[in-house]
Amino acid sequence: MASVNDQTAEKLGSLVEYLVKNDYKKMNLMIASSGGAVVSGIALYNFLVNSPIEIETFNLGNVDSIAIVLYCAGKNRYCAPVSRFLIHEVTWTINNLEMNARQLSENSDDLERMRGAIAEIISITTGKRKEDIENDIKERKNLNVQDSIKYGLVKSVKENYIPAGAEMFSISESMPQVQKVINKIINVPCNAPSYKPGEKCLMPNYSSRMIADYSDRMWIYYEE
């Protein structure tokens, strides 16, 4: 998964909706993200923890900033042997924006509320005091694998996390809406050409150009 923003949140939300409608009982969410938009991340966390499907999260390498909130949505939380977490202060990028003193004060209050919301979610997940987590946010805290286990974020380390035959969907900013992917899933014969993930190709018996993502037993493809 890429940056956390409205676009990727909508795609992940559409995927969860599809899984629920088709009676899937569990989703394994593998995350590699440097963070993104706080508002989108908190909204997506609330959506995930209130969905009827069981969610398990896995740190593929780095889960930073607001991506940690998404990671906290997992009932069980795992990580790769070489991975890290980064907790840091909420920031706001301002480009050529003019504000008066009152507006600056209001925006500062908003940033503090966002910090408090993030700390609350991590506190619920780890059992640590919210005040301690807010201090960690202010001081910028890096957690390696063992640190994250002691912190209460990670249950355990797992290797070979993806089982053979797993159905896989990719969430990124560059791909079209997830629904387009879901609507075009096909099983491919074992003699299908071996395209690499993301490679532009012509699927057999299909005239339009496709982008194919490979998993062990199916292609997930969509029109460009």
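We did not get these values from a lab; they are worked out from the coordinates using the rules stated. Since we're looking at a predicted model, the values are computed, not measured. We place every Cβ from the backbone using ideal geometry, glycine too, and count neighbours over all the protein chains shown.
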Practice task
List the chymotrypsin sites (Phe, Trp or Tyr not before Pro) within the range 70-104 that fall in a DSSP loop (any state other than H, G, I, E or B) and whose Cβ has at most 16 other Cβ atoms within 10 Å.
Solution key: TRP92
Handout entry: 3J(HN,Hα) from dihedral phi, the range 77-82, Karplus parametrisation 6.51/-1.76/1.60, rounded to Hz, x for glycine, proline
Key = 10, 10, 8, 6, x, 10
Handout entry: Per-residue ³J(HN,Hα) for the range 97-106, Karplus 6.51 cos²θ - 1.76 cosθ + 1.60, θ = phi - 60°, Hz, x for Gly and Pro
Key = 10, 9, 9, 8, 4, 5, 5, 4, 5, 5
Fill in the blank from the handout: Note, the range 44-58: 3J(HN,Hα) by Karplus (6.51, -1.76, 1.60, θ = phi - 60°), whole Hz, Gly/Pro = x, goes 5, 4, 4, 5, 5, 6, 9, 7, x, 8, 6, 10, 10, 10, 9
Fill in the blank from the handout: For ILE66, other-chain or 5+-apart residues with amide H closer than 5 Å (H placed, Pro excluded) are GLY36
Exercise for the section: State, in angstrom, two size descriptors of the range 33-78 derived from its alpha carbons: Rg to one decimal place and Dmax to the nearest whole number. Expected result: 10.1, 27
Exercise for the section: Give, to the nearest whole percent, the P(r) tail of the range 57-180 beyond 26 angstrom, counting all Cα pairs. Expected result: 35
